[in-house]
1. For every other residue with a beta carbon closer than 13 angstrom to the beta carbon of Glu241, add +1 if it is Lys or Arg and -1 if Asp or Glu, then tell me the sum.
2. Please give the contour-minus-distance gain from Lys30 to Ala199: 0.36 nm per residue of separation, less the Cα-Cα distance, rounded to one decimal in nm.
3. For the residues Met1, Met225, what sequence is obtained by ranking on other C-beta atoms within 10 Å, fewest first?
4. If the limit is 26 Å between Cα atoms, which of Lys30/Lys209; Lys62/Lys145; Lys254/Lys317; Lys220/Lys300; Lys220/Lys251; Lys76/Lys315 go over it?
5. Report the gain in length on full extension from Asp138 to Ser5: 0.36 nm times residue separation, minus Cα-Cα distance, nm rounded to one decimal.
6. For the stretch 101-255, what is the Kirkwood hydrodynamic radius in Å, using each pair of distinct C-alpha atoms?
7. Would you mind ranking Ile128, Ile204, Ile20 by Cβ crowding within 10 Å, fewest neighbours first?
8. Hey, could you get me the Stokes-Einstein D for the stretch 54-188, Kirkwood radius over alpha-carbon pairs, 25 °C and 0.890 mPa s, rounded to whole µm² s⁻¹?
Amino acid sequence: MICDSRIRDELGRTLESTHIDGLGERTQGKVRDSYRRPGIRIIIATDRISAFDCVLGTVPFKGQVLNQLAAFWFEKTGALAPNHVVDVPDPNVMVVEECDQLAIEFVVRGYITGITNTSPWTQYQRGIRDYCGHRLPDGLRRDQKLDAPILTPTTKLEKHDRPLSRQAAIAEGLIDAATFEAASAICLKLYDFGARHAARQGLILADTKYELGLRNGAVKVTDEMHTPDSSRYWFADTYRELFDAGRDQRKLDKEYVREWCAGLGFRGDGAPPAMPDEVRVEAAKRYIRAYEIITGREFKAPDEPVAGRIESALKTKGYLAP
Ligand SMILES: Nc1ncnc2c1ncn2[C@@H]1O[C@H](COP(=O)(O)OP(=O)(O)O)[C@@H](O)[C@H]1O
Ligand SMILES: [Mg+2]
């Protein structure tokens, strides 16, 4: 594992945003910058971190971790479900097929948990037993494994995610029934694959979010996959003991930063708190550890500063004029 001082060295030169002339039409998401040209999208994973749908700052190496993890999973699952990947020209960059993104995202949950207003555990505690069209039994406890994984769609194009049932998604005209069925079959298959791989690495994939899109009428997996930003990973060895004691799970995901925010009273409204270097370094270590445990590979921190390296890689691979 990379040493603390290497992470600290990086604090002052993280990738906050990119503006690359000649690469394509730029749009900025919370975490990634996209450059679009006919048929393709060049996605640069920056080091920005978001929680509760707000950008808080940057975390060293986060962009690289996220992009390389997504690339790892897309490669592993390519035979199971078609995805958007065309090329990974740099550790922070993915070239993908431009798709018409579906208006809803799909969360697959194997466990009942969460701390936001709309998360199933919060709702369940308030007495709600119907979550996104799934009937939940009485007597569940926080972080309990569900009898079978459930698929819970949420809206994508609103500021904060809104969970909804299959029926509501179709009734609201967000998706048609055939596309919903195709998407849901893919997501459940991917979750099952991901959860089994995670288990072999000593982890529990508690839940995860998928985005899908259409390309020439076919459903493809887009965006990122099974990353710590889009998933909850828990350590399997301590799951039972912590669950029985009613304590928080040991996590390998961005819950650390979410909880740090929530501890300061920030849950998405008002100005986000500034992240101290200590928190940025700790978050970086967790992201890197996540990469290493999930992939079983050692994380390599390139020597060259990230911004210049990306541009040279794009030139070498012919995406930018030299
Ligand atoms: N293959 C694709 N085609 C079109 N859009 C995509 C594709 N893959 C990902 N995207 C979009 O690219 C953006 C990635 O940036 P991100 O920082 O995640 O944005 P957001 O703030 O919307 O979550 C997202 O809006 C995502 O929906
Ligand atoms: Mg996103």
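Coordinate-derived values only; no laboratory data. None of these values were measured; they are calculated from a predicted model. We place every Cβ from the backbone using ideal geometry, glycine too, and count neighbours over all the protein chains shown.
1. Value of the local net charge: -1.
2. Details: separation 169, 0.36 × 169 = 60.84 nm, distance 3.01 nm.
Extending this stretch completely gives an extra 57.8 nm.
3. Values: Met1 9, Met225 25.
Fewest-to-most ranking of Met1, Met225: Met1, Met225.
4. Details: Lys30/Lys209 16 Å; Lys62/Lys145 29 Å; Lys254/Lys317 32 Å; Lys220/Lys300 30 Å; Lys220/Lys251 29 Å; Lys76/Lys315 28 Å.
With Cα atoms farther than 26 Å apart: Lys62/Lys145; Lys254/Lys317; Lys220/Lys300; Lys220/Lys251; Lys76/Lys315.
5. 43.0 nm
6. On the way: mean 1/r = 0.0623 Å⁻¹.
Its Kirkwood hydrodynamic radius stands at 16.0 Å.
7. If I rank by nearby Cβ atoms, fewest first, I get Ile128, Ile20, Ile204.
8. 143
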